[in-house]
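One structure is given here, and the rest of the page talks about it.
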Amino acid sequence: MAHKGWLALAAMLLLVCCASIAVSQQQTDTQVFTGQYNELMDQQKRLVDDWFRRFSETIEKHVDAEEGYNNLPLSVKTTFNAVTHALLRTPMTDASGASLGESAITIIDKIDSVAGKIPGAGGDEQFRIYIQLKPGMLKLLDKSQEFKRRADNTIYHKGYPVCYRSTGGTPSIQVSMTRDGSRADIDVDYRSSKFPVFLINGHLSSSNSDVEAGDNDVRHNSQWSGLRNWWQNLLGLPYIEDVGNVDSDDEGMVIPRNPAVKAKAKPEEAVYDFLNSWLVEQNPNQSIAYFAEQAYACIEVERGHKIDRGMAKYMMLTGFQDINKQIGTISDLSEAVRGVRYGGGSRGKVIQQPYHAQFVLYNIREDLATQFDCTAKLDPGSASAKAARSKDFGKYFAAFFRLKTGEETGENIVTVWTKQGGYWKLVSYDVAPSIEEYRVPDLAAKPEVPKLVTVEGDKKLIQAGRDFLEKWFVKGQPDQAFSYLSPQCYSCVNLYRDEDTPAPGTSEEAARLIRQGMDRMAVILGDTKKLKDVISAPQPSNQDIRIVKHSRSKEFVIASIPNSMAEAADCSRMERGEDLSFDEDQEKVYGDYYAIGFQMEATVEDAGVLWTVWHKEKGEWKVVSYHILTP
């Protein structure tokens, strides 16, 4: 059976949305689940039927539920399947074991929208479903022993502050609700936060809820068995772990050192030659020459582990050849490729060019190109903070298209191009981003986010926080920055350490692990002249915190937090894998504790936010706990 991780262009070159093509030469006696409407369970069909019925009423035009669902982008369907499957496999019982409902999916009244992979969107805006809840579900979740009320969302899930998470550890279902319990966004978190990786690798943060990423499908089935990873079959190519025996001198396996189209030509000429050489002329080895070295990182992004880079080009070539066999002989590129438009707003300008029907070419802003950069996803330290913020056009171009065979078309594909060494090179690619957003019925009403109260803060606390961050990230003095940490916060290291890192046996060992993490971040960021170049302030939305006014508010946020919140954040009271949780009905007393939060700039997608909780010890402000908040 085809393997999802075989992405070299197995993942990139998704051919069709039906089993007859995708599983050719791999058919077994068992019918392969292809992710189509007719394979959904009754509870899922009910939600889909209602979704498209309401959508049809909204646009005053009938949209068939089965046809509409089958034509949704891949990541939308995998997200819907994964989240609803987890809900279907989660019982609802009270403390005595009595049933509260058929399963957790009964909390859903209606689906409003499903968000799959959306380039440029925040991590808390992807890989989730937006729903309307049945009346009384907030109280029902309170009674259910399968869910526990957690601390209100502070940074992410704006408009959905009330947080419930399924019990039983990671992976877990997160239900983020409006205050009135009428609506929610629901996602599955497959991985626990780690320090410092979740602060610097935004890719890990957003794909944390993507069932297609890495081995998340395996993690899903370890918690809720029975999810068929049908999307692996859609990739259509065999999983080749080792092509070490390939003879590069074989006919058709010789890959030119340079591509045919030089940089003095227009970018559309390079994209056309790339596709035409491969699909029409049946010489995919000529097409592989267009791949820049950094494009091979995209294979590792999808697989979730390293590959033999020396064999990467031959893995891609073998995949290209297999696609040629499936499409067959064609006389014109339009028989195998169709252009699609990107719904990314102002960050892409359409270029009028003669091959528009085969691929839509955009001049894209540098910040968007950075978000597609697979090397930066794997190693955020390699990402340029300046490029990630740049609004300049002219350096990068993106071709959007779909492969097709007969009447069947595959998923949206984007290839990003730039000039390198005198030639046009393909530097990154992505599969199935939700670039045709108008195809996804979105009936969700955006919840209001009330403005937070602003207060004056303790001046010594403001100075201490600034000094802590300056010494850590700008002055190259992580040892002095570490001196701001109280021994009370050392226990936090156990909540965010890697699985392969043994639990510290002493306070000294815990302190050493924290220092190592701080040093690693300082090394990744390198020489920094200004704090604003490496960190930025997140935008809190929790109504229980009060924003402190200070002159560096764009770089880090300071909030006055109630004593009850700070006490609940005490790491010594928490178990590994446990979320923050506190009683919101407790009296709110302010002035004793503050929280300072920031997120890294050197990321290609939303990374985690580090919240440090401060309290006075012997007259000095110290960090008494810290927590990583992720989408």
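The values are calculated or read from the model by the stated rules, or taken from the named source; none is laboratory data. Not measured: the values here are computed from a predicted model. Note that each Cβ is placed from the backbone with ideal geometry, even for glycine, and that neighbours are counted across all protein chains shown.
In the stretch 63-120, what count of residues is obtained for those that are under 16 Å from Val211 (Cβ atoms) and aromatic (Phe, Trp, Tyr)?
Number satisfying all stated conditions: 1.
Which condition number does Ala481 fail, the rest of (1) at pLDDT below 90; (2) touching a Lys or Arg at 6+ places or on another chain (Cβ under 6 Å); (3) part of a helix (DSSP H, G or I) being met?
Going through (1) at pLDDT below 90; (2) touching a Lys or Arg at 6+ places or on another chain (Cβ under 6 Å); (3) part of a helix (DSSP H, G or I) one by one, Ala481 breaks only (1).
Enumerate the strands (runs of 3 or more DSSP E) found wholly within the stretch 522-603, keeping only those where 2 or more residues are touching a Pro at 6+ places or on another chain (Cβ under 9 Å), modelled with pLDDT of 90 or more and crowded, with 20+ Cβ neighbours inside 10 Å.
By residue number, 557-561, 593-600.
Count, please, the residues in the stretch 152-164 that happen to be of a type outside the set (Lys, Arg), closer than 19 Å to Ser182 by Cα and part of a loop (DSSP other than H, G, I, E, B).
7
Name the residues in the stretch 455-478 that are under 20 Å from Leu525 (Cα atoms), in contact with a Phe, Trp or Tyr (Cβ under 9 Å, 6 or more places away or on another chain) and not in a helix (DSSP H, G or I), would you?
Answer for the stretch 455-478, where residues must be under 20 Å from Leu525 (Cα atoms), in contact with a Phe, Trp or Tyr (Cβ under 9 Å, 6 or more places away or on another chain) and not in a helix (DSSP H, G or I): there is none.
Among the residues of the stretch 536-574, which ones are polar (S, T, N, Q), out of contact with any Ser or Thr (no Cβ under 9 Å at 6 or more places or on another chain) and touching a residue at least 24 places away in the same chain (Cβ under 8 Å)?
Matches in the stretch 536-574: Ser536, Gln539, Gln543, Ser560, Asn563, Ser564.
Among the residues of the stretch 487-517, how many are surrounded by 11 or more Cβ atoms within 10 Å (Cβ to Cβ), free of Cβ contacts under 8 Å to residues at least 60 places away in the same chain and polar (S, T, N, Q)?
3
Within the stretch 95-144, which strands (runs of 3 or more DSSP E) (wholly inside it) include 1 or more residues that are over 27 Å from the mean Cα position of the chain (by Cα) and of a type outside the set (Asp, Glu)?
Counting at least 1 such residues, we get 99-101.
Listed residues Ile107, Ile118; which is in contact (Cβ under 8 Å) with a residue 12 or more places away in the chain and touching a strand residue (DSSP E or B) at 6+ places or on another chain (Cβ under 7 Å)?
Of the residues listed, the single one that is in contact (Cβ under 8 Å) with a residue 12 or more places away in the chain and touching a strand residue (DSSP E or B) at 6+ places or on another chain (Cβ under 7 Å) is Ile107.
So Asp109 passes all but one of these: (1) surrounded by fewer than 22 Cβ atoms within 10 Å (Cβ to Cβ); (2) of a type in the set (Asp, Glu); (3) touching a Phe, Trp or Tyr at 6+ places or on another chain (Cβ under 7 Å). Which condition number does it fail?
Checking Asp109 against (1) surrounded by fewer than 22 Cβ atoms within 10 Å (Cβ to Cβ); (2) of a type in the set (Asp, Glu); (3) touching a Phe, Trp or Tyr at 6+ places or on another chain (Cβ under 7 Å), the one that fails is (3).
Those residues that are assigned to a helix (DSSP H, G or I), in contact (Cβ under 8 Å) with a residue 40 or more places away in the chain and more than 15 Å from Gln282 (Cα to Cα), I need them from the stretch 327-358; list them, please.
Hit for the stretch 327-358 is Arg347, nothing else.
I'm trying to understand the selection: among the residues of the stretch 309-320, which are buried (at least 18 other Cβ atoms within 10 Å of the Cβ) and either at positive phi or not basic (Lys, Arg) (or both)?
Met311, Ala312, Tyr314, Met315, Met316, Leu317, Thr318, Gly319, Phe320
A quick yes/no check of all residues on (1) buried (at least 22 other Cβ atoms within 10 Å of the Cβ); (2) assigned to a loop (DSSP other than H, G, I, E, B); (3) of a type outside the set (A, V, I, L, M, F, W, C):
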residue	(1), (2), (3)
Arg257	no, yes, yes
Phe274	yes, no, no
Gln294	no, no, yes
Ile307	no, yes, no
